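Let me begin by presenting the structure, written as structure tokens, before commenting on it.
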Amino acid sequence: MAEIGVLEGYEHKQDVPDVEYLKLENQLSFPLYVVAKEIVNAYRSHLDPLNLTYTQYIVMMALWEYGDLSVKELGQVLRLDSGTLTPLLKKLEAKAFLKRKRSRQDERVVITLTDTGKELRDEAVQVPRRLSEAAGPIFDVEETRQLRQLLNKLLQAIDNANNKTAQTVKG
């Protein structure tokens with residue numbers, strides 16, 4: 001198993017010349033960035049009629065899936081911090097898709113869908129189908145499963161590295 005930092009044609013990180021690390025073709029992050037950007041762009045024409053940005057859409061998806069969530073829980077589900085979530089939630093509340101209210105038990109802010117937000121799901125459910133139809137077949141079922149598995153494995157490695165960094169800084 002190769003570790004991150006070992007490039008094709010090299011067995012160990014220490015064998016890789018420094019100049020190789022600065023080539024875009026050798027960056028795992030670059031194609032991931034471009035793909036993410038292009039996917040968000042592909043969603044735009046499907047989300048504009050719903051009056052949603054992609055990030056607002058994933059907030060709504062989380063609420064449709066899980067129901068009422070605290071800001072902290074929503075942030076954990078979406079891997080977004082409260083500084084990013086708060087403006088998103090304010091905009092979605094201004095559009096009457098959700099309500100933010102303080103829990104009586106512990107003062108945390110709980111996010112609840114409004115009837116309008118719940119009804120939006122009926123339209124939004126078509127977005128993935130339309131995107132899939134527009135793109136045509138890219139991966140078969142097994143390739144899709146493998147890609148999802150590899151991306152989740154990468155996220156887990158990033159989480160582990162972040163946790164190690166946080167422990168080093170604290171300790």
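General remarks:
- Note on segment 14-55: residues that are assigned to a helix (DSSP H, G or I), open to solvent by 60 Å² or more (accessible area, probe 1.4 Å) and either touching a Pro at 6+ places or on another chain (Cβ under 8 Å) or not acidic (Asp, Glu) (or both) amount to 17.
- Residues that are without any contact (Cβ under 8 Å) to a residue 24 or more places away in the chain, open to solvent by 100 Å² or more (accessible area, probe 1.4 Å) and under 22 Å from Val35 (Cα atoms) are absent from segment 90-107.
- Lone unmet requirement of (1) closer than 24 Å to Arg44 by Cβ; (2) touching a Lys or Arg at 6+ places or on another chain (Cβ under 9 Å) for Glu133: (2)
- Note on segment 56-78: residues that are farther than 21 Å from Pro128 by Cβ and either of a type in the set (A, V, I, L, M) or assigned to a helix (DSSP H, G or I) (or both) total 6.
- Among the residues of this structure, Leu7 does not count as one that is buried (at least 16 other Cβ atoms within 10 Å of the Cβ), at pLDDT 95 or above and not in a helix (DSSP H, G or I).
- Any chance Leu63 is hydrophobic (A, V, I, L, M, F, W, C), open to solvent by less than 30 Å² (accessible area, probe 1.4 Å) and farther than 29 Å from Ile158 by Cβ: no
- Summed over segment 109-138, residues that are free of Cβ contacts under 8 Å to residues at least 60 places away in the same chain and open to solvent by 100 Å² or more (accessible area, probe 1.4 Å) total 8.
The values are calculated or read from the model by the stated rules, or taken from the named source; none is laboratory data. Just so it is clear, the model here is predicted, and its values are computed rather than measured. All Cβ positions, glycine included, derive from the backbone under ideal geometry; neighbour counts span all protein chains shown. Only protein heavy atoms, including side chains, enter the accessible area calculation; ligands, DNA and RNA are left aside. Shrake-Rupley method; radii C 1.70, N 1.55, O 1.52, S 1.80 Å.
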